[in-house]
Each structure stands twice: as C-alpha cells, then as structure tokens.
Amino acid sequence: MSELLILPIILPMAAGAVAVFVRKNPGQSHMLALAGAGLHTVAAGLLLHQVHLSGIFATQIGNWPAPFGITLVADRLSAVMVMLTAVINLAVTAYSRTDIGVELVRRGHYCLLQILVAGICGAFLTGDMFNLYVWFEVMLMASFGLLVLGQSRSQLDGGVKYVIINLVATLLFITGIGLLYGLTGTLNMADLSEKIPLIADRGMKTALASLFLAAFGIKAALFPLFFWLPAAYHTPPVSVSAIFSGLLTKVGIYALIRLFTLVFAGDLAWMIYLLPVLAALTMITGVLGAAAQNEFRRILSFHIISQVGYMVLGLSLQTRLALAGTIFYLVHHIIVKANLFLISGVIKQLQGSFELAQLGGIYRNNGWIAALFFIPAFSLAGFPPLSGFWAKMILIRASLDVHQYWLAFVAAVVGLLTVYSMTKIWAEVFWKPSPRENVAADPLPVGHPTAWMLAPVAALTTLTIVIGLGAEVVFQFAIQAAEELIHPAQYIQAVLGDRL
Amino acid sequence: MQTLCAVLVGIMAAASIYLMLERNLIRFIFGLVLAGNAVNLLLFTVGRLASQRPPLIPEQAAQLPAPFANALPQALILTAIVIGFALLSFVFVLFYRAYQALGTVDTELMQVAESDADQHSPQTQPMDGGPV
C-alpha cells in the first residue's frame, strides 16, 4: 500500500528527469509528458480509491519510525488534492501541445512542469514540517523557471515580483520551523499536534502560528499579501497560467488547513478572530480588483484571490460543515479556474488578444466556444445547478449555523460581484460585435483552436457539470474528509501507530 | 553564548529587513543573503550550543551525558544552505536578465507586466506547426 503514497511523487520526478534528455525533440517531449501525466492520474486515482476504502494510511520513509523519520500520509483531503493535481496536469499537458512553443520545450518546459507537479504532490502527502518546506522549495524553483522561461519583458518583470515575495515567505517558513523545533523537539505534524498543547508559553505559540500564517498566507494570496499574484500570473503562456492558478495558491490553502486543524488545533487563540476577518477582506478586495480590470487573464487572476477568501472562510469557522464547504470549494475551484484560463487561451488563438476591448463576436461566430466559457464562468459566479453554487451554499449555510451573519452576507455579496465580472467578460468578448468586423480588409493574425486545446477544455467543463449534478456524492466525500480534519486522532494514530 | 547568538540573529534580521525594503534589487539581494544567514544561525542556536565535545556515548552509559548539542538542527541547516544557495544563484541570474531586459534595478520603475499596454513577446512556432 505504501507504494501508492510514493508513486504520485516519484512518477512526475522520473518523467521530469527523462524529459531533460528528450527536450531537443518537442514531439517526443510532449508524448513523454502526456504519458507521465496519464500514469500519474492512474496512480492518484488508485490512492484516492484506497483512502476512500480503508481510511487514512501512512508510510515511514526508510523505515525510520515516526516521529524521527519522514512520514508520508494520505487522508481524504490529501488524496483528493493529489487527484485534482493529476487531472489539471493531464489537461494542461494536453493543451500545451499548441500553447507551448518549440523554443520553450527546448529550454526544458516539460522538465520543469513535471518537477512542479512532483513538488505539489509531495507537499500534499508529507506529514512532516521540514519536508513540507523542502517540497515547497521544489515547487517554487520549478514555478520560477516556468514563469520566466519565455524571457519576455513582462515575464521578467512579473517574475521578479513573484520571486521576491516568495523568498520572503520561505524565510518566514524556515524561521517558524526552527523555533517550532526549539520549542517542541519534533517536526512531525501528528506529533506536534500532541506536543503543542503541552507547551505553556502562549506568547511563543502565538508568535509561531503568526509566522506560519504569514508564510502560507503569502503562498495562498491572502489579504494583504496577494499583490504578487496579479502582477505575475498573466505573463507566462496560458497553460502555465492555468496550472499556477489552479494549484499553487491551493497548496498554501492546504498548508493553512493542516496548520489550523492539526498542528495548532488545540491552540488557536486569537486566530479564531483574525481568520474570518482576513477571509472577508480577501474576498472583497479580490472581487473589487477584478471589477477594475480589462484584461481577460488579469480579471481571472483577481478572482483567484476572492475565491481564496471563500476557502479560508470555511477554515476560519472550524466546524465540520464549514470545512466540508472548503473542501468542496477546492474541488470546484481548481477545475473551474484552470479551465477558464485555458479558455482565455482559446480566445486568444481565435482573435489574437487578451484585451477585452479588442475582442468580440465569439458568440455569433463560434457559439460552442461561448458555451464552453459560459458553464465554468457561471459556475465560478455560483449559478445553480453548477458546482460553484453548491460550494458557496455550503459555506454560507455554515456561516449562518454559527451565527456569523456578516460573513454569510459578505460571501453572498462577493458572489454577486463575481457575476458582474463574468457578465462583463461575457458581454465584451462574446456578445459585443467583433471590433474587427468594421475593418473587413484587415488580415487577422489569428488561427483556429486545435483539438489539443479544445479537448481538455471540454473535459474540464464536463467535469464541472458532473460535480454540479452529482453534488451529493462530492458533498458526502467532503463531509467525511472534514470529519477526519475535525477529529485528528485518527490521523495521529495512522502516523504514530498504536502506542496509546 | 546562546544569548549572544540570539542578539546577533536579531541584529542581522533587522538589517536584512531594512535592506529588503529598498527598491533597489541589488540591495534586496544583500538583504536576502543576510536574512538567509540569520535564519541559519537561528536554527543553529535552537539546537543548543552547550558543548564542544563530540556527541559520543561513553562505553558504560546508555545515552549522551547532559550538555550536548542536538544534531538535527545542524542537518536542517545543511539542507537550508543548499536550497538557499540554489535559490540565490537563480535570483542573481533572474535579476541580471531583468536588468538587461528592463534597463533598471529599481522595482518602482518595473511596471511592464501591469501596464495597460498589451506587452506580449512574439511566441515561437507551436509544435504542431499551426498558426500562432
């Protein structure tokens, strides 16, 4: 069984290593990456199946008993995150056939992409704080590379900001780890969960929780630490933007969930008051920022921020239903957001721009592409019966249950403002007559989206509809996952064994 | 000794934050190097600086006698140094390329990515030979 925990990390690592050798041949590179992504999806599927059947399971690397060695552990949350990573990786890899130029492949695009996926899966599966740091670094280095591989002016500019803020986050993280070890003598998350309540020094615990909150808050693009995201996410090729937007901030969210449901579970102190406020401010600033933008991908980037607010909202309430809402939101958001970025690339392919002012007439000329956009966009905005509606409804219901009426109000209003943004894109890009139709003689510097682009978009859109219609199944899964988070005893037992 | 190290870490951290708040990227790099070293020193101090003796268990005893330094933080530092070195080399190259492309090291003047003008590099030819 332990192979299942290692495969989702080893497979992309191996594919990345082989990709170095075939990078001079773009066709081979793509096939290799596609095969790697396919195998990875199978491995992730098996892991999810196993965890769903038999509950949390762990393995100790090199047979060093926990808490001394490195533990890999999968509960339902980890397993579903790995599964989503695999799905997005597969979609993005297929899409990149058209999107990624020959030159970028020669520079090692697919190596970096595979290493990125390995880093993300490692972060989801590890049960050790320092190992989490190492996976964060793997992920960061790969993302730095992917971001600036094209070496255009805007990429270098966005890259500098992205790198600077992420390095600061890394330093905060490692400082926190050092102090945590000094305080407790362990870095195993399950062990920490038991040891931290025994520490009497409340000030030190609060300081540590704040350090980690700031470090993961930067990664997750929480208010007020999100400015790097809209500066960088629209600069790389579309398929890279898509995998970044789907997965990278979510690793930050995942780390926050682990931190506040496991490591600091017994001792949240003032975080209980701080987190809801941060969540609300993140939602509001994100959606208002999006309203002011006129570039397709920059609108979507700002919406990542407001959506991150929803996920932290669920975490901040600390009830079973709220955490289930966060997990449902993660599933919904990763698929929809990556898909919307991919669609922005399809439209760029059709009309040669991301600027709303230069686009138009897609509904009239390519009605089915309009349908492919319509479903994820209005799922994001929360229209029933699409996936986003259920995700938002669970979170609002959870806020009402604990009498946080203002949070429910903010969540609902931000949902409405999201509709505004999506309507803006719909009206400008799809309904408005194409600005080019007036100049009939203008030779269009554009092409047609290939099957490589459309197949992943169609698949992800179908997945959104399936999640929306089969919401009950996903919800039951999310409730079970939330149950594991609320009562970490099971997790601790899986990691540390039956020594109680 | 521990107190001295703690104060030193504090001074280094303060100086590095001051440097990192600068708009000049060169100063930011100096701040980053200093901050990385401050954090490594912190990790080192956390593992106790109590003894200069090698961590060997005497023949009759079952465990190390009392004042000994914890070896784990030292292993963590080694990992952190290696990772930090890789990051630093990348940052140097990135900043140099940014300076070449943008003609400045002042972050305030780096507004290309967020300007309204559509700034996209000409893409290279896609793999399947189709139009871009």
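The values are calculated or read from the model by the stated rules, or taken from the named source; none is laboratory data. Note that the structure is a prediction, hence the values are computed from the model and not measured. Positions of Cβ are generated from backbone atoms using ideal geometry, with glycine treated the same way; all protein chains shown enter the neighbour counts.
So here's what we get for this one:
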quantity: Test for residue A:388: is it within 19 Å of residue A:307 (Cα to Cα), surrounded by 15 or more Cβ atoms within 10 Å (Cβ to Cβ) and modelled with pLDDT of 85 or more; calculated: yes
quantity: Single condition residue A:231 does not satisfy, out of (1) modelled with pLDDT of 85 or more; (2) in contact with an Asp or Glu (Cβ under 8 Å, 6 or more places away or on another chain); (3) within 12 Å of chain B (Cβ to nearest Cβ); (4) assigned to a helix (DSSP H, G or I); calculated: (1)
quantity: Filter pass, residue A:117 being facing another protein chain (nearest Cβ under 10 Å), part of a helix (DSSP H, G or I), of a type in the set (Val, Ile, Thr) and surrounded by 23 or more Cβ atoms within 10 Å (Cβ to Cβ); calculated: no
quantity: Neighbours by Cβ (under 6 Å, 6+ apart or cross-chain): first from segment A:144-161, of a type in the set (D, E, K, R); second in a loop (DSSP other than H, G, I, E, B); calculated: A:153/B:112; A:157/B:110; A:157/B:112; A:157/B:113
quantity: Complete set of residues in segment A:1-43 that are free of Cβ contacts under 8 Å to residues at least 24 places away in the same chain and under 13 Å from residue A:106 (Cα atoms); calculated: A:21, A:22, A:25, A:27, A:28
quantity: Complete set of residues in segment A:403-438 that are of a type outside the set (Gly, Ala, Ser) and over 27 Å from the mean Cα position of the chain (by Cα); calculated: A:403, A:405, A:428, A:430, A:431, A:432, A:433, A:435, A:436, A:437, A:438
quantity: Any chance residue A:261 is over 21 Å from residue A:190 (Cα atoms), of a type in the set (S, T, N, Q) and in a helix (DSSP H, G or I); calculated: no
quantity: Given (1) over 27 Å from residue B:70 (Cβ atoms); (2) at the interface with chain B (Cβ under 7 Å from one of its Cβ atoms), number of the condition residue A:174 does not satisfy; calculated: (1)
quantity: Only listed residue being among the charged types (D, E, K, R) and more than 14 Å from every other protein chain (Cβ to nearest Cβ), chosen from A:103, A:3; calculated: A:3
quantity: Unmet requirement for residue A:65, which otherwise passes all of (1) over 21 Å from residue A:328 (Cβ atoms); (2) over 19 Å from the mean Cα position of the chain (by Cα); (3) in a helix (DSSP H, G or I); (4) not charged (D, E, K, R); calculated: (3)
quantity: For residue B:99: the one exception among (1) touching a residue at least 40 places away in the same chain (Cβ under 8 Å); (2) under 23 Å from residue A:185 (Cα atoms); (3) hydroxyl-bearing (Ser, Thr, Tyr); calculated: (2)
quantity: Residue list for segment B:12-32, filter: more than 9 Å from every other protein chain (Cβ to nearest Cβ) and more than 11 Å from the chain's Cα centre (by Cα); calculated: B:12, B:14, B:15, B:17, B:18, B:19, B:21, B:22, B:23, B:24, B:26, B:27
quantity: Near pairs, Cβ below 7 angstrom, 6+ apart or cross-chain, from segment B:6-28 (of a type in the set (D, E, K, R)) to any residue that is at pLDDT 90 or above; calculated: B:22/B:28; B:27/B:19
quantity: Test: residue in segment A:245-259 that is at pLDDT below 90 and either among the aromatic types (Phe, Trp, Tyr) or closer than 20 Å to residue B:112 by Cβ (or both); calculated: no
quantity: Test: residue A:411 is assigned to a helix (DSSP H, G or I), at pLDDT 85 or above, touching a Lys or Arg at 6+ places or on another chain (Cβ under 7 Å) and under 25 Å from residue A:339 (Cβ atoms); calculated: yes
quantity: Residue list for segment A:139-171, restricted to those being part of a helix (DSSP H, G or I), more than 9 Å from chain B (Cβ to nearest Cβ) and within 23 Å of residue A:111 (Cβ to Cβ); calculated: A:139, A:142, A:143, A:146, A:147, A:162, A:166
quantity: Segment A:62-100: number of residues that are within 14 Å of chain B (Cβ to nearest Cβ), over 20 Å from residue A:345 (Cβ atoms) and basic (Lys, Arg); calculated: 0
quantity: Residue match in segment A:60-70 (condition: aliphatic (A, V, I, L, M), modelled with pLDDT of 90 or more, in contact with a Ser or Thr (Cβ under 9 Å, 6 or more places away or on another chain) and more than 28 Å from residue A:151 (Cα to Cα)); calculated: no
quantity: Residue check, residue B:35 within 30 Å of residue B:93 (Cβ to Cβ) and either away from chain A (no Cβ under 11 Å) or out of contact with any Ser or Thr (no Cβ under 9 Å at 6 or more places or on another chain) (or both); calculated: no
quantity: Qualifying positions in segment A:292-305 - buried (at least 24 other Cβ atoms within 10 Å of the Cβ) and of a type in the set (S, T, N, Q); calculated: A:301
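To keep it simple, each residue is scored yes or no on (1) closer than 30 Å to residue B:47 by Cβ; (2) facing chain A (nearest Cβ under 10 Å).
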{"position": "B:60", "(1), (2)": "yes, no"}
{"position": "B:65", "(1), (2)": "yes, no"}
{"position": "B:68", "(1), (2)": "yes, no"}
{"position": "B:73", "(1), (2)": "yes, yes"}
{"position": "B:78", "(1), (2)": "yes, no"}
{"position": "B:88", "(1), (2)": "yes, yes"}
{"position": "B:94", "(1), (2)": "no, yes"}
{"position": "B:98", "(1), (2)": "no, yes"}
{"position": "B:102", "(1), (2)": "no, yes"}
